[in-house]
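Following: one structure in structure tokens, then a few remarks.
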There are 2 protein chains.
Amino acid sequence: MTPQDLMRLVRDVPDFPKPGIVFKDIMPLLSNADALRETVDLLADWAAPREPDLILGAEARGFITGGALACKLGCGFVAARKPGKLPWRTVSAKYALEYGYDVLELHADAISAGQRVIVHDDVLATGGTARAKCELVEQLGGEVAGVAFIISLEFLEGRKRLEGYDVYSLVQY
Amino acid sequence: MTPQDLMRLVRDVPDFPKPGIVFKDIMPLLSNADALRETVDLLADWAAPREPDLILGAEARGFITGGALACKLGCGFVAARKPGKLPWRTVSAKYALEYGYDVLELHADAISAGQRVIVHDDVLATGGTARAKCELVEQLGGEVAGVAFIISLEFLEGRKRLEGYDVYSLVQY
């Protein structure tokens, strides 16, 4: 399977989560065994030479391929979650929304100083949450070894928010 | 690593999410590369002879090991989510809470008739959400090939709610 084959398994859902937005639904890709395996293999091919210790996945879709990627690479997995979801002590980072801001949290012991972390999510949109995840890694003394997505929506220019980081996506729109 | 080694990596967090509850935090287990791999390997050893086509993971922690398990077994992954999170047409199942009820959704095309599905989550507590997930599989004509957890809290008697299903957990409390 090529990235183009994978792209054909991403479903456009108009007007979700609100009118005017076309949502990229990766569920048909994930439920296809060959496509799921190929997606994780391609992410792993990119990530392996960056020698990560950990994969940081974001709630919630980033957990699915993030967990698989960690296993494939022989890394641990750490979860960035919305406030109040992680039970133990946390560090947090803010990111801007259209109006106002939101927060992501990480357990304070999730990353040790010097550990190399691949930040992963399913979709790169404006880059705001990915930037917050990189900040969480660095707050704990970790090093961002790369930022890997399945899909990037290039017209939203998320890469600009991630300048200075090594950014990869399998499929670009 | 034995299941007992894995158990030592599960952290007890008292009074989360509310006073009087001791939360089993699997994050230290997931962030340990050897423990994550062993967890997924043990789940896969149990699941493989049941010949699943799909792994159904529940939002959100069930996505992490669910995605890894699907990849390991060469299965697809389908996501059971809270209402309003899945963008396309859905089927739904109710489950009881202490007071009232909640709902889980699955995309209406997530499972084809006759597909064999392993229902997966991190923790078996009262069994209510796991039961709802089994119902979702069956609504779409799928067959529950087994129900696999990392942890089961046996004192909550969740297995009773799952009578008639093939239930497995790595670690029992």
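Condition test on A:Ile21, is it more than 9 Å from chain B (Cβ to nearest Cβ) and either in contact with a Phe, Trp or Tyr (Cβ under 7 Å, 6 or more places away or on another chain) or in contact (Cβ under 8 Å) with a residue 60 or more places away in the chain (or both)?
Numbers: more than 9 Å from chain B (Cβ to nearest Cβ): yes; either in contact with a Phe, Trp or Tyr (Cβ under 7 Å, 6 or more places away or on another chain) or in contact (Cβ under 8 Å) with a residue 60 or more places away in the chain (or both): no.
Considered against the rule, which asks whether it is more than 9 Å from chain B (Cβ to nearest Cβ) and either in contact with a Phe, Trp or Tyr (Cβ under 7 Å, 6 or more places away or on another chain) or in contact (Cβ under 8 Å) with a residue 60 or more places away in the chain (or both), A:Ile21 comes out as no.
I need the full set of residues from region A:59-87 which are touching a Lys or Arg at 6+ places or on another chain (Cβ under 7 Å) and at the interface with chain B (Cβ under 7 Å from one of its Cβ atoms), in order please. If the condition is that a residue be touching a Lys or Arg at 6+ places or on another chain (Cβ under 7 Å) and at the interface with chain B (Cβ under 7 Å from one of its Cβ atoms), then A:Glu59, A:Cys71, A:Gly74 are the ones that fit. Screening the candidates B:Asp25, B:Asp5, B:Asp15, B:Asp34 for the property of being within 16 Å of the chain's Cα centre (by Cα) and not small (Gly, Ala, Ser) yields one hit, B:Asp25. Checked against (1) among the aliphatic types (A, V, I, L, M); (2) at the interface with another protein chain (Cβ under 10 Å from one of its Cβ atoms); (3) within 22 Å of B:Ala79 (Cα to Cα); (4) in contact (Cβ under 8 Å) with a residue 60 or more places away in the chain, A:Leu43 passes all but a single condition, namely (2).
In the set B:Val103, B:Val144, B:Val119, only one residue is away from chain A (no Cβ under 14 Å), part of a strand (DSSP E or B) and within 26 Å of B:Arg11 (Cα to Cα); that residue is B:Val119.
Give the residue, chosen from B:Leu140, B:Leu69, B:Leu73, that is under 29 Å from A:Leu69 (Cβ atoms) and surrounded by 24 or more Cβ atoms within 10 Å (Cβ to Cβ). Steps first, please.
Values: B:Leu140 fails: surrounded by 24 or more Cβ atoms within 10 Å (Cβ to Cβ); B:Leu73 fails: surrounded by 24 or more Cβ atoms within 10 Å (Cβ to Cβ).
So the residue among B:Leu140, B:Leu69, B:Leu73 that is under 29 Å from A:Leu69 (Cβ atoms) and surrounded by 24 or more Cβ atoms within 10 Å (Cβ to Cβ) is B:Leu69.
Can you name the residue in region B:79-113 that is of a type in the set (Asp, Glu) and in contact with a Gly (Cβ under 9 Å, 6 or more places away or on another chain) and is also surrounded by the fewest Cβ atoms within 10 Å (Cβ to Cβ) among such residues? Taking the candidates together, the pick is B:Asp102. For residues in region B:16-48 being touching a strand residue (DSSP E or B) at 6+ places or on another chain (Cβ under 8 Å) and among the charged types (D, E, K, R), which is least open to solvent (accessible area, probe 1.4 Å)? Here the answer is B:Asp25. A:Arg89 meets each of the listed conditions (1) under 21 Å from B:His107 (Cβ atoms); (2) of a type outside the set (A, V, I, L, M); (3) without any contact (Cβ under 8 Å) to a residue 60 or more places away in the chain apart from (1). Taken across region A:107-121, residues that are modelled with pLDDT under 95 and more than 18 Å from the chain's Cα centre (by Cα) do not occur at all.
The values are calculated or read from the model by the stated rules, or taken from the named source; none is laboratory data. Note that this is a predicted model, so its numbers are computed, not measured. Note: ideal-geometry Cβ built from the backbone for every residue, glycine included; neighbour counts use all protein chains shown. In case anyone asks, the SASA skips ligands and DNA or RNA and just uses the protein heavy atoms, side chains included. Shrake-Rupley method; radii C 1.70, N 1.55, O 1.52, S 1.80 Å.
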